[in-house]
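Here the structure comes first, spelled out in structure tokens, and everything after it is commentary.
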Amino acid sequence: MDKAVHKPEHKLFFGDICLFVFLPFFFLKARGSNSLPFLRNLLDKLNANQQNILKFIACNEIFLMPATVFMLFSGQGSLLQPFIYYRFLTLRYSSRRNPYCRTLFTELRIVVEHVIMKPSCPLFLRRLCASSISFITRLAPTMA
């Protein structure tokens, strides 16, 4: 009986992805700063909009939590999904290298508090938002 030989195909795939991602940077560095101006412009625009892109990603991460809870109640998600995603979200909130999630939570809280303090806001909506803010604040991890 022949033993099946295990080939690490995932390493090959990961290497291909890394080559695909990093090859243009090495090519630009080797050719000089004036070569391929369209690619240089694209990279400059990416660097200029990096904060907006990371804020957009953080916003998606935050709004996925209510989506996981909704999926649980609609029968499309598992019972563990909100708990696992909550752990992921607390780790993102606590991250020192990427403060965008924490910053966006603060910005969203300030905007909601500003809206509910207007006299035209109905009382039940004001109470609902205030209780939601206090609940989410209690769930937030403490920062050292």
Among residues of the range 79-109, those that are surrounded by fewer than 15 Cβ atoms within 10 Å (Cβ to Cβ) and within 11 Å of residue 62 (Cα to Cα), counted: 3
Restrict the check to the range 30-50 and report whether at least one residue is surrounded by 15 or more Cβ atoms within 10 Å (Cβ to Cβ) and either aromatic (Phe, Trp, Tyr) or touching an Asp or Glu at 6+ places or on another chain (Cβ under 9 Å) (or both). no
I'd like to check something: does the range 120-133 contain any residue that is part of a helix (DSSP H, G or I), among the β-branched types (Val, Ile, Thr) and over 19 Å from residue 67 (Cα atoms)? no
Please specify each residue of the range 59-82 satisfying the condition of being closer than 21 Å to residue 111 by Cα and of a type in the set (S, T, N, Q). 60
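We did not get these values from a lab; they are worked out from the coordinates using the rules stated. Predicted, not measured: the structure shown is a model, and the values here were computed from it. When we count neighbours, we look across all protein chains shown, and the Cβ atoms used for this are built from the backbone with ideal geometry, even at glycine.
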